[in-house]
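Read-outs: derived from the displayed coordinates by stated rules, not from any lab. Since the model is a prediction, treat every value here as computed from it, not as a measurement. No Cβ is skipped: glycine too gets one built from the backbone with ideal geometry, and neighbour counts run over all protein chains shown.
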Ligand code: SF4
Ligand code: SF4
C-alpha cells in the first residue's frame with residue numbers, strides 16, 4: 001500500500017481517468033480508484049506497478065526519471081519567442097464572412113520597407129537558435145515587395161548569426177501568379193492557405209469579388225503538388241460546415257493534404273458581428289468534431305498517416321514526454337514569450353489575436369512600438385506578465401484541479417472577449433467546453449485498441465521516425 005501523490009481525476013461513466021503534473025494518465029475502474037485514493041490499493045493489484053512507475057504513489061516515486069520527464073514536457077519555459085508574425089498589410093482583396101483581421105482596402109494599410117527593416121532586426125535580437133517569421137494580413141500578396149524585402153534581409157541575418165530561419169506566408173492565393181510563385185519558391189517560403197471544404201462551402205465562406213476563391217486555391221495547390229510540395233491549409237468551421245463533416249475531410253484527402261485542422265470559429269473581428277448567422281454552440285461544434293474525427297481515423301486506416309492537428313497536440317503531450325509548443329495550448333500561453341505580432345505600422349502586440357483586437361478598437365494587448373522595444377522588453381512588459389499569470393493553468397481555479405491540466409491551455413484573450421476577464425471561467429467558458437469535449441473524446445478513443453493504434457501514429461516525431469516525407473510539412 002502507498003499514499004497517493006497529488007493527482008487530478010475525471011469520472012467518465014464507470015471509469016475514472018487520473019493524471020499528474022508529470023503528464024501521466026491512467027484509466028482506473030471505480031473500485032480501484034477508490035482504493036488508490038484512500039491509499040489502500042494492495043501491492044498485489046495488477047495496476048500497482050504502473051501507478052508507481054507513473055508517479056502516482058507518494059512513497060514509490062522515481063524522482064530522477066519523473067523530473068526529467070517534467071523538464072522535457074516544459075521546454076518552452078526556457079525559450080524566448082520563436083514565432084514572429086508580420087502583418088505586412090491590412091489591405092485585402094477578399095471579404096471572408098468570418099474575417100478575424102477586419103480587412104481594409106488601400107495601400108495606406110501597407111507596411112513600409114523602413115518599418116519592415118526595423119522589425120527584422122528586432123526579430124534577430126531573440127536568443128533562439130530557430131526562428132519563424134510568418135507573413136500575415138490582410139492579404140500579404142497585396143504588398144509583395146515587402147514580403148520579399150523581409151525574406152531577403154532575414155535570410156542574410158540568419159546566415160550572419162548562424163540561426164535557423166523558417167519563413168511562412170499565410171495567403172488566400174487569389175493574387176498568386178507565376179512570377180510571385182517563383183520568387184516564393186526561390187526563397188524557400190512556405191505557402192499556407194485556407195481551404196474551408198468543397199467548392200460550395202469554401203466559396204460561401206470566402207468571398208472573392210467576381211470569381212471563385214476555391215478555384216484559385218485548388219489551382220495553386222495542384223501546382224505545389226506537381227512541384228513535390230505538400231500544401232499546408234487552415235480550415236475554419238462556420239455554421240454551414242457543421243452538416244458537412246464527411247465532405248470536408250474527403251476534400252482534404254482528395255486534394256493531397258497530409259493533415260487537417262478542425263478549428264472552431266472565434267467571436268473576433270467580423271465573425272463577432274455576424275455571430276448569430278455563422279456561429280454555433282460548443283456542443284454543436286463537438287458533434288461536428290466527433291463525426292469528422294471518425295472519418296479522419298477511417299481515412300488513416302485506408303492509407304497514409306493523416307492527423308487532425310488539435311488532436312495531434314494533445315496526443316503528443318499525453319503519449320510522448322514532449323512539448324509541441326503550440327502557442328495557444330501550453331501553460332503559460334505564448335503571448336509575448338513564445339510569439340510576438342508586429343502590425344503594419346510597427347506597433348507590437350502580444351500575439352496575432354492581440355492585434356486583431358486592436359482592429360476591433362481595443363488596445364489592451366498592445367505592448368509598444370518597434371522603435372522603442374525588442375523581444376526582451378516585450379517579455380518583461382507588465383501586460384505580458386499578467387497574460388502569463390492568466391494563462392498558467394496552476395493559477396486558474398478550474399484548471400488547477402482538471403484532469404487535462406497536463407495537456408491543455410487557456411486563452412486570456414478569448415476569455416476577455418467572452419467574459420471581460422483575462423482569467424478563465426473554466427469549466428463554463430466556451431473555449432473550455434470545446435477543449436474538454438475534444439479531450440474527453442480522445443481519451444475515450446485511446447481505450448479502444450484499434451483507434452489507439454491510429455492515434456499513436458499522430459504523435460509529434462512519430463511520422464519522422466517512420467520516414468514519412470509528409471512529416472516535414474506537418475504544422476501543429
Ligand atoms: S480549460 Fe477546461 S479542459 Fe482545459 S485545463 Fe482548464 S478546465 Fe480543463
Ligand atoms: S492570449 Fe490567446 S491567442 Fe494570444 S497567445 Fe495566448 S492563447 Fe494565444
Helical contribution to [θ] at 222 nm, DSSP H n ≥ 4, -39,500 (n - 2.57), averaged over the chain, rounded to 500
-12000 deg cm²/dmol
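What does the extension gain come out to for residue 242 and residue 71, with contour length at 0.36 nm per residue minus their alpha carbon separation?
57.6 nm
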Take every DSSP beta bridge with both residues inside the chain and express the antiparallel ones as a percent of the total, to the nearest 5.
45 percent
List 78, 221, 458, 70 from most exposed to least, where exposure is judged by having the fewest other Cβ atoms within 10 Å.
78, 70, 221, 458
Looks like region 1-92, by Cα gyration tensor root eigenvalues a ≥ b ≥ c and the a/c under 1.5 rounded cutoff (else prolate when a/b is bigger than b/c, oblate otherwise), is oblate
Please compute the contact order of region 241-383 in relative form: average sequence separation of alpha-carbon pairs under 8 Å and at least six residues apart, divided by the residue count, as a percent.
17 percent
Under the rule a/c < 1.5 gives rounded, and otherwise a/b versus b/c splits prolate from oblate, where does region 79-476 land using the Cα gyration tensor?
rounded
So how do 280, 404 line up by other beta-carbon neighbours within 10 Å, fewest first?
280, 404
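For region 79-476, what does the relative contact order come out to in percent, with C-alpha contacts under 8 Å and a separation of six or more?
Relative CO of region 79-476 lands at 18 percent.
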For Cα pairs less than 8 Å apart in space and 6+ apart in sequence, what is the mean separation divided by the residue count of region 140-247, i.e. the relative contact order in percent?
25 percent
Once both axes come from the Cα atoms, what is the angle between helix 63-72 and the longest principal axis of the chain, in degrees from 0 to 90, rounded to 10?
20 degrees
Exposure proxy ranking, count of Cβ atoms within 10 Å, fewest first, for 185, 445
185, 445
